[in-house]
1. For every helix of n ≥ 4 consecutive DSSP H residues, a contribution of -39,500 (n - 2.57) applies; sum these over the chain, divide by its total residues, and give [θ] at 222 nm rounded to the nearest 500 deg cm²/dmol.
2. Output ³J(HN,Hα) for the stretch 138-151: one whole-Hz value per residue in order, computed from phi by the Karplus curve 6.51 cos²θ - 1.76 cosθ + 1.60 with θ = phi - 60°, and x for Gly and Pro.
3. Assign unit charges at the C-beta atoms only (+1 for Lys and Arg, -1 for Asp and Glu), then state the dipole size of the chain relative to its Cα centre in Debye, rounded to the nearest 20.
4. Can you compute the charge dipole magnitude of the stretch 19-129 about its Cα centre, using +1 on each Lys and Arg Cβ and -1 on each Asp and Glu Cβ, nothing else charged? Give it in debye, rounded to the nearest 20.
5. What distance in nm separates the two pseudo spin-label positions at Thr94 and Lys172, each 7 Å out from Cα along the beta-carbon direction?
6. Show the residues, 5+ positions off or on another chain, whose built amide H is closer than 5 Å to the amide H of Phe201.
7. Based on the alpha-carbon gyration tensor of the stretch 93-155 and its eigenvalue square roots a ≥ b ≥ c, which shape applies: rounded if a/c is under 1.5, prolate if not and a/b is larger than b/c, or oblate?
8. For a label point 7 angstrom out from the Cα of Asn56 toward its Cβ, which stretches of the stretch 5-49 have the backbone nitrogen within less than 15 Å?
Amino acid sequence: MVEITFVRHGQAQTQARDETSYDNLSNLGWDQAAWLADHFVDTGRGFDHVLSGTLNRQRDTALTLCKRLDMPLTQDARLNEMDYFGLSQSLQDTHAVDIPTSREAFVAHVPQVLSAWQNGEIHSHLESFDAFQRRVSEMIALAEQLDGRVLLVTSGGIISMAMRLLLRFEVKTHANILLQIYNTSVHRYVKSGDTLALETFNAVPHLEHPTRQSARTYL
């Protein structure tokens, strides 16, 4: 049996303008992670393996889950997010596209960034689109090899790229998916024959209670 569950990290520092400043959970991010951990325990959702990226926001979300699940954590840098700040700066430098400061601007910005990245129009010192796609593919293959129920705690870019690879989306659809991924959302694939079939997308059952409606965040 192969079951791969992706979880996006809790809310980070949303007002940050660089990766270093962004890469820590906000107070709400810590709460989101704890609520998801409680949900997994309360519903009997267990895992055989838990892996996360090495970024602070990914690791701290994963450790919160592991503590409640009484599971060890393995970190793998291939689950780290794309360098969106670097890609945005490159797009500004090369195409004079302003870096967004609101969600509305971000919605228009993501497809521009991904298209330029895929077309090789980004600074050469940054990770290429193909390299990013390749490491996400490697993590999917690793999760399949581990067998059982595998939890991957990562970021929205990884989750949307995994969906692109498994469901064969174009970049425009990839961008639309990325924009909709909630913090601490759950995305699950189950092996059916030779295919990993999507079972759950963007689920936030731990945030369904009316008192937590405002805790549903994208950024």
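FYI, it's all coordinate maths here, none of it is from the lab. Model, not experiment: these values are computed from the prediction. Backbone-built Cβ (ideal geometry, glycine too); neighbour counts: all protein chains shown.
1. On the way: 8 runs with 102 residues, N = 219.
That calculation yields -14500 deg cm²/dmol at 222 nm.
2. Each residue of the stretch 138-151 in turn: 5, 6, 5, 5, 4, 4, 5, 5, 5, 6, x, 9, 10, 9 Hz.
3. Details: 19 positive and 26 negative charges, 78 e Å.
Computed about the Cα centre, the dipole is about 380 debye.
4. 260 debye
5. 2.2 nm
6. HN-HN under 5 Å from Phe201: Arg188.
7. Values: a/c = 3.85, a/b = 1.86, b/c = 2.07.
Verdict is oblate for the stretch 93-155.
8. Counting backbone N atoms under 15 Å from the label point, the list is 10-30.
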